[in-house]
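The values are calculated or read from the model by the stated rules, or taken from the named source; none is laboratory data. Just so you know, these numbers come straight off a predicted model, no measurement behind them. Neighbour counts run over all protein chains shown; Cβ positions are idealised from the backbone, glycine included. For the accessible areas, the whole protein counts, side chains as well, though only heavy atoms, and no ligand, DNA or RNA atoms are used. Shrake-Rupley method; radii C 1.70, N 1.55, O 1.52, S 1.80 Å.
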Amino acid sequence: MATRTDAPTRREQILKEAARLFAERGFHGVGVDEIGAAVGISGPGLYRHFAGKDAMLAELLVGISEQLLRGARRRLAEVDGGSAEDVLDSLVEGHIDFALDDRPLITLHDRELDRLRDSDRKLVRQLQRQYVELWVEVVREVYPVLTEPTARSAVHSVFGLLNSTPHLGRPGSLPGRGATGELLHRMARGAFAAAGTE
C-alpha cells in the first residue's frame, strides 16, 4: 500500500481529483470526463480503474474511515506504555492531520454520505463507531470524572471542531499549517478539559 511519501498511483490520483471535484461542485455536478481530464486520461479510461462515480465515492468514504481507524490503532500501539495524556495528544494530532490534509473528504462526507449504497454506508458508520469508541476509552482515562455518554458527546464535539477546517477559508488564507494545527490542538484539548471539569 502506498504511503504519503510514495508517488501516488493512477488510482490514487483519480480518487484525489474526484474528491476535490465532488467537494467543489457536488457528486451530481461532476462527470467522469471531468475527473479523467483532471488526471490526464479520457473519461472512459476511468472505467479501467473504477466501475463508475458511485464506486469512487464509496472508496473515498469507506477508505478514509478505514484510514482513520487504522491510524488511531497504530498511534495507540506506538504510545504503548506512555501516559493516557500522551495517547490523547497523539490521537488529536492524527485527526488534525486528516482535517488539514483531507479537507475535501470532510465536505464529501457531510454532503454525499447518503448517496452510498446501504452496505457501504453501514460499513462507514461501523468504522466510525469503532473510531469514536477508541477515543472515548482514552478520554475517560484522562478524565475519569466523565461518564461514557458524556465522554462520547465530548469526542463528537471535538470532531466537529476539528472537522470545521473546510469552513476556515481557502488553504492560502489560513495562518499556515503548523500554526493552524497548533491552534486546533489547543482548542481540542481545551474542550476536553472543559468537559472533564464537571
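Remark: the chain carries 53 Å² of accessible area per residue (probe radius 1.4 Å; ligands, DNA and RNA excluded). Rolling a 1.4 angstrom probe over the protein chains, ignoring ligands and nucleic acids, what is the accessible area of ASP120 in square angstrom, nearest 10? The accessible area of ASP120 comes to roughly 20 Å². Take every pair of alpha-carbon atoms less than 8 Å apart whose residues are at least six positions apart; their mean separation over the length of segment 20-168 yields a relative contact order of 26 percent. Label-to-label distance, HIS167 versus ALA38, with points set 7 angstrom from Cα along the beta-carbon direction: 2.3 nm. Just how far, in whole angstrom, is segment 1-72 from segment 94-109 if you go by their alpha carbon centroids? For segment 94-109 versus segment 1-72, the Cα centre distance is 15 Å. Largest accessible area first, the residues TYR47, TYR143 order themselves as TYR47, TYR143 under a 1.4 Å probe with ligands, DNA and RNA left out.
Name the shape class, rounded, prolate or oblate, that the alpha-carbon gyration tensor gives for segment 126-165, where a ≥ b ≥ c are the square roots of its eigenvalues, rounded holds for a/c under 1.5, and otherwise prolate holds if a/b is larger than b/c and oblate otherwise. The partial results should precede the final answer.
Working: a/c = 2.20, a/b = 1.37, b/c = 1.60.
Verdict is oblate for segment 126-165.
Residues THR150, THR9, THR197, ordered by accessible area of protein heavy atoms at a 1.4 angstrom probe radius and largest first, appear as THR197, THR9, THR150.
Over segment 1-95, what is the mean sequence separation of C-alpha contacts under 8 Å (at least six apart), divided by residue count, expressed as relative contact order in percent? All intermediate terms of the calculation are to be shown ahead of the outcome.
On the way: 51 pairs, mean separation 16.5, N = 95.
It rounds to 17 percent for segment 1-95.
With both labels modelled 7 Å from their Cα along Cα-to-Cβ, the ALA193 to ARG11 distance reads 4.4 nm. Given axes a ≥ b ≥ c from the Cα gyration tensor, I'd like to know whether segment 114-198 is rounded (a/c under 1.5), prolate (a/b larger than b/c) or oblate. Cα axes put segment 114-198 in the oblate bin. Measuring only protein heavy atoms, the 1.4 Å probe finds SER119 accessible over about 70 Å².
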